[in-house]
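*Asks:* Below is one structure. I have some questions about it.
What follows is calculated from the coordinates using simple rules that are stated; it is not laboratory data. The structure displayed is predicted, hence computed values, not measured ones. Glycine gets a Cβ as well: all are built from the backbone with ideal geometry, and neighbour counts include every protein chain shown.
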Amino acid sequence: MSTRTDVDTVTSLTLPVMGMTCASCEKRVRKALRTVPGVQAVRVSAARGTATVRGDAPLDRDLLDAAVCSAGYEPGTTPWLTRDPAVWRTVVAAAVAIGALVVLASVVGLADLTSGLSDPGRGGLLFVLVLGLTAGVSTCMAMVGGLVLGFSASHAAALAARGETGLPLTTRLRPQFAFNAGRIVGFGALGALLGALGSTMSLPARVTGVLVLVVAVVMFLLGIRLTGVSPRVAAWSPRLPAGLGRLLGIESATEGGYSHWRTGLVGAATFFLPCGFTQAAQVYALSTASPLAAGAIMATFAVGTTPGLLALASVPEVTSGRRQVGVLRVVGVLVLAFALLNVSSSLNLLGLSGGAAAAAGATASANVTVSNGVQTVHMTQTPRGYEPSDTVLYAGMPTTWLIEGTSKFDCSAALRVPDLGISVNLAEGANTVPLPAMEAGTVHFTCVMGMYSGNLVVVDPPAASAPTGVGGAGGSS
């Protein structure tokens, strides 16, 4: 005789729910479950993949499962790794293709195109624009897309309420123009504030390293979400705190009547949304210590995101179907590549990337000269880093670091030596940086974003006497 009943004997249930990845998913599941008779309260967590339901009477599990299905999700535990072979085929193919492109760029010298990140005269803003274009069809679309579609629906409802139909496309797209105009103006203004903040303070290299690592983690989570390789990790993607969302008007901006001004203001407020690409651009804007440069960087980034967001609103079919899903998976692999690059930069800034190779003997490098008890280290700063990147010099001796700057707008021009508390922005031409007498060991230095680095390998001088005239005067240009 079966003892199973269709009604559970408890008034509180925790249901596993598959497929939730964001706050919108939680809202849909919560709304569906609250329609079940007897349900009084629902708490949904996309990160845990669960929905906890409480009622004033025994709850019908079958009705609860049916409600979850009606919201577009499935009862069950979300797997850590997807079982869809199509996802893995696309991701592996994208990884191989991107890796091949990186190798090709290195071989033919295309990597030099990314130098001069902040110099408009050398394509810097063009690079930021391309970064924005990439974000606009990936992370920014994923995080801002709900707002864009919400404003479109609110505006369409307002037009319908007034009996206005058959309007031209430009009229129907006014919410998108207002939203993106707000983003561009807001990003520019808030970016200028970041630059002003950077001009009044110099972030310690290790603090910047932590910030870059946070950006890398955010980008990793977003990349995992876009690729779809881990449905469980996809639900960990960062979100704006509910309190801040309410304060900025983002949570409820698409509810109620439509307003161009409110749409533009919310567009500006998306500056604070945790998009990995946006945060990377913000950290870089802060490091420029220039309101004008930082404002230009962030405004250009916002311009780059505009085509993708406009496409989302004006051509819905672009964001649906197998082709679009495949494109977003490829973009996800690219985001993961950026995340790995940021991890490498962060390790450089934190001094965790490993020291220089062991010095051969105790002889100073050829770019070190010694005169009257003072040694001079000659080095050249280039768009691709420092030449030479590793230098052997002597301990216990005052040192002058003579650096020939060749490109003041590159990241390598913002030199940081965390162990010595040195922070200097190199100008073109000769730059003199005094160094104290150091003990034997390795002193790591890096650019402000950790993209380029090097080491001063300090060794004990020869036992005989203090060296004079060691090495040559090479190293300067």
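*Asks:* Sorting check: for 61-71, 335-345, 421-431, which peptide has the highest mean count of neighbouring beta carbons within 10 Å, and how do the rest follow?
*Replies:* My ranking of the peptides, most packed first, is 335-345, 61-71, 421-431.
*Asks:* Taking R0 as 45 Å, what FRET efficiency do you get between Ser45 and Asn425 from their Cβ-Cβ distance, rounded to the nearest 0.05?
*Replies:* Working: r = 46 Å, r/R0 = 1.02.
E between Ser45 and Asn425, to the nearest 0.05, is 0.45.
*Asks:* What is the Cα convex hull volume of the stretch 15-74 when expressed per residue in Å³?
*Replies:* In the stretch 15-74, the Cα convex hull volume per residue is 63 Å³.
*Asks:* So, in nm, how far is label Lys31 from label Ala95 when the simple model puts each one 7 Å beyond its Cα toward the Cβ?
*Replies:* Spacing of the two 7 Å Cα→Cβ label points: 3.8 nm.
*Asks:* Counting just the Cα atoms, what span does the stretch 368-459 cover along each of its three principal axes? Round to the nearest Å and put the largest first.
*Replies:* 34, 23, 20
*Asks:* Sticking with this structure for a sec: Could you calculate the FRET efficiency of Ala86 with Met18 from 1/(1 + (r/R0)^6), where r is the beta carbon distance between them and R0 is 25 Å, rounded to 0.05?
*Replies:* Calculated transfer efficiency: 0.90.
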